[in-house]
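Participant: I'd like to ask you about the structure that follows.
Derivation of every value follows stated rules applied to the coordinates shown; laboratory data play no part. Just so you know, these numbers come straight off a predicted model, no measurement behind them. When we count neighbours, we look across all protein chains shown, and the Cβ atoms used for this are built from the backbone with ideal geometry, even at glycine.
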């Protein structure tokens, strides 16, 4: 299950709201090689707040615009704060997305947003 997602370019990540509905968001992600996937978001983004409240997530392969390409898989997410884990996550993302990630980092650095990012780790197939 996770192997089929590993080769995808984009995933749609669903996070749970307080009213138990789900919010789907397309994300860049990378394999952290420890059975976990990693992604990042703005630190104050809704998905970060929702993960802080509810670790249950759903993911599915999608296009860059978020159009579903498969079935949803359940899992658990966590917010990563450890600097070593964050660095490893960014390296995995740079390896996967190459110049696109570097360009995004450059402009995020200019705008001062790179310091406000939140790294997210998630595992697929864990019981909710």
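Participant: Quickly run through the stretch 21-36 and pick out the residues that are in contact (Cβ under 8 Å) with a residue 60 or more places away in the chain and at positive phi.
Facilitator: 35
Participant: From 18, 78, 52, which residue is in contact (Cβ under 8 Å) with a residue 12 or more places away in the chain, within 12 Å of the chain's Cα centre (by Cα) and surrounded by fewer than 18 Cβ atoms within 10 Å (Cβ to Cβ)? Break it down into steps so the answer makes sense when it comes.
Facilitator: Details: 18 fails: within 12 Å of the chain's Cα centre (by Cα); 52 fails: within 12 Å of the chain's Cα centre (by Cα).
Sole residue among the options that is in contact (Cβ under 8 Å) with a residue 12 or more places away in the chain, within 12 Å of the chain's Cα centre (by Cα) and surrounded by fewer than 18 Cβ atoms within 10 Å (Cβ to Cβ): 78.
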